[in-house]
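The values are calculated or read from the model by the stated rules, or taken from the named source; none is laboratory data. A quick note: this is a predicted structure, and the numbers were derived from the prediction, not measured. No Cβ is skipped: glycine too gets one built from the backbone with ideal geometry, and neighbour counts run over all protein chains shown.
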Amino acid sequence: MFSQQVYFCALAQQKLFNTNNLKAKTGILLVNLGSPDRARYTDVYRYLTEFLNDPRVIDLPLIGRLLLVNLVIIPLRCGASTKAYKKLWTENGSPLIHWSKIQQQKLQKKVGDEAKVYLAMRYQNPSIKSVVGQMKKDGIEKVVVIPLYPQYASASTGTVVEAVLDEVKKWWVTPELKVIQDFYDHPNYIGALVNKAKGFDIKSYDHVLFSFHGLPMTQLEKVYDNGECNDHDCSAELNATNSKCYMAQCYQTARSLAERLGLRREEYTVCFQSRLDKKWTRPFTDKTVISMAKDGMKNVLIFSPAFVADCLETTIEIGDEFAELFEENGGEHLDLVPGINDDDEFIDCLCDLANLDA
């Protein structure tokens with residue numbers, strides 16, 4: 001009898017050991033902003049409607065947001081945005097979708113059978129709802145969410161996390177969830193940006209610009225308990241107080257990148273693009289470009305570190321519109337460093353962020 005008890009006890013312990021060492025089926029979910037399905041007015045209208053009505057993007061009270069977005073902003077911007085998307089579109093469709101898919105494929109190849117890599121867009125297709133639904137069907141038990149935004153902002157990373165949580169909370173058995181909030185200073189992300197600059201003789205330029213996507217200052221102020229962003233010198237240092245401030249993270253990215261490129265502080269400027277009004281993060285990239293041209297600078301190199309794939313804001317806004325502004329005001333060459341896109345070092349960054357061994 002004693003020997004049988006020992007046997008069954010040992011068997012139970014072995015089963016418990018085996019159960020505890022089963023590796024959860026892991027899914028890595030990459031999420032980028034999104035794009036219209038096609039470069040047509042109706043598709044752009046649908047995309048802007050979903051995007052700009054997000055309360056984390058335009059953080060106004062509901063009625064004010066609905067009126068401003070749907071009666072003013074979208075009707076005024078949709079025509080021009082459609083023209084810009086037609087100019088951006090390639091035989092592969094939207095560059096942002098195209099490069100995001102390649103990032104997904106290369107990451108899948110790198111992680112092998114350790115995890116399955118999925119790709120979703122916060123707005124339009126493939127939607128977070130459909131992709132998370134597929135993850136559930138695939139029996140995923142652990143989800144690693146990597147929003148493809150190097151610097152944290154509620155209007156980008158925050159809304160991705162909210163959308164994913166809205167879907168996984170519907171699962172009867174909710175998955176283990178890991179969220180990557182930012183990677184603004186990851187050495188492989190910085191390395192990927194440096195790799196893209198290798199085709200340029202940086203010292204031959206009069207100045208270098210690091211242009212990040214702009215945000216309303218009101219959104220930055222919500223990071224702080226006292227609601228005052230200007231009380232924190234986010235351009236000078238990143239510290240425990242401002243570590244989740246978008247502007248502070250942008251400046252830290254710029255410092256890290258400048259160090260790798262061998263740039264002194266007076267040789268580069270941090271600026272912000274794509275603003276809706278004057279109460280957004282400054283200095284504004286378009287105004288900076290004009291000022292530099294008027295001051296006699298002839299050759300300027302510009303990076304767009306907030307974006308990990310070529311898109312409307314890089315190829316068209318910087319590469320075409322800002323270059324034209326520069327030349328119209330006396331400049332000669334404003335060159336855009338290509339987006340990270342399929343750079344192998346960036347794939348290494350994504351793999352490290354997923355940290356599948358953890």
Hey, can you tell me all the residues within segment 273-285 that are in contact with a helix residue (DSSP H, G or I) (Cβ under 6 Å, 6 or more places away or on another chain) and not in a loop (DSSP other than H, G, I, E, B)?
-> Gln273
When you go through Val117, Val131, Val111 one by one, which is the residue that is in a strand (DSSP E or B) and touching a residue at least 24 places away in the same chain (Cβ under 8 Å)?
-> Val117
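Out of Ala323, Ala309, which single residue is in the same structural domain as Met217 (by TED's automatic domain parsing) and either in contact (Cβ under 8 Å) with a residue 24 or more places away in the chain or charged (D, E, K, R) (or both)?
Values: Ala323 fails: either in contact (Cβ under 8 Å) with a residue 24 or more places away in the chain or charged (D, E, K, R) (or both).
Just one listed residue meets the conditions, Ala309.
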Which of the residues belonging to segment 213-238 are surrounded by 19 or more Cβ atoms within 10 Å (Cβ to Cβ) and at positive phi?
-> none
Residues of segment 198-213 being of a type in the set (Asp, Glu) and free of Cβ contacts under 8 Å to residues at least 12 places away in the same chain, in sequence order, are Asp201
Go over the candidates Thr281, Thr241 one by one and state the one that is in contact with a Gly (Cβ under 7 Å, 6 or more places away or on another chain), on the phi < 0 side of the Ramachandran plot and not aliphatic (A, V, I, L, M).
-> Thr281
Taking segment 303-325 and the residues there that are touching a helix residue (DSSP H, G or I) at 6+ places or on another chain (Cβ under 6 Å), under 21 Å from Leu257 (Cβ atoms) and among the hydrophobic types (A, V, I, L, M, F, W, C), the one that is surrounded by the most Cβ atoms within 10 Å (Cβ to Cβ) would be Phe307
Out of segment 133-145, which residues are of a type in the set (Val, Ile, Thr) and either surrounded by fewer than 18 Cβ atoms within 10 Å (Cβ to Cβ) or closer than 17 Å to Asn32 by Cβ (or both)?
-> Val143, Val144, Val145
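Within segment 146-183, take every residue that is assigned to a loop (DSSP other than H, G, I, E, B) and surrounded by 24 or more Cβ atoms within 10 Å (Cβ to Cβ) and give me the one that is nearest to the chain's Cα centre (by Cα). Full working, then the answer.
The initial filter retains those residues of segment 146-183 that are assigned to a loop (DSSP other than H, G, I, E, B), namely 148-153, 169-175, 180-183.
Pick out the ones that are also surrounded by 24 or more Cβ atoms within 10 Å (Cβ to Cβ) and you get 148-151, 153, 183.
On the way: Leu148: 4, Tyr149: 2, Pro150: 5, Gln151: 7, Ala153: 9, Phe183: 10 Å.
Step by step, filter segment 146-183, then rank; the result is Tyr149.
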Candidates Lys106, Lys142, Lys137, filtered to the one that is in contact with a Ser or Thr (Cβ under 7 Å, 6 or more places away or on another chain), farther than 25 Å from Gln219 by Cβ and charged (D, E, K, R) = Lys142
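Just to be sure before I move on: is Ile140 outside any loop (DSSP other than H, G, I, E, B), of a type outside the set (Lys, Arg) and in the same structural domain as Leu60 (by TED's automatic domain parsing) in the structure I sent? Explain how you work it out, then say what you get.
Working: outside any loop (DSSP other than H, G, I, E, B): no; of a type outside the set (Lys, Arg): yes; in the same structural domain as Leu60 (by TED's automatic domain parsing): yes.
No.
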Quick one: is Leu119 modelled with pLDDT under 95, hydrophobic (A, V, I, L, M, F, W, C) and not assigned by TED's automatic domain parsing to the domain that holds Glu313?
-> no
Count of segment 320-358 residues which are assigned to a loop (DSSP other than H, G, I, E, B) and farther than 22 Å from His98 by Cβ = 8
Residues of segment 199-232 satisfying the condition of being modelled with pLDDT under 95 and part of a loop (DSSP other than H, G, I, E, B) = Lys222, Val223, Tyr224, Asp225, Asn226, Gly227, Glu228, His232
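So, in segment 242-256, exactly how many residues are outside any helix (DSSP H, G or I), polar (S, T, N, Q) and crowded, with 20+ Cβ neighbours inside 10 Å?
Restricting attention to segment 242-256, the residues satisfying the condition of being outside any helix (DSSP H, G or I) are 242-245.
Next, from what is left, pick out any that are polar (S, T, N, Q): 242-243.
Remaining after also requiring crowded, with 20+ Cβ neighbours inside 10 Å: 242.
Going through segment 242-256 one residue at a time, the tally reaches 1.
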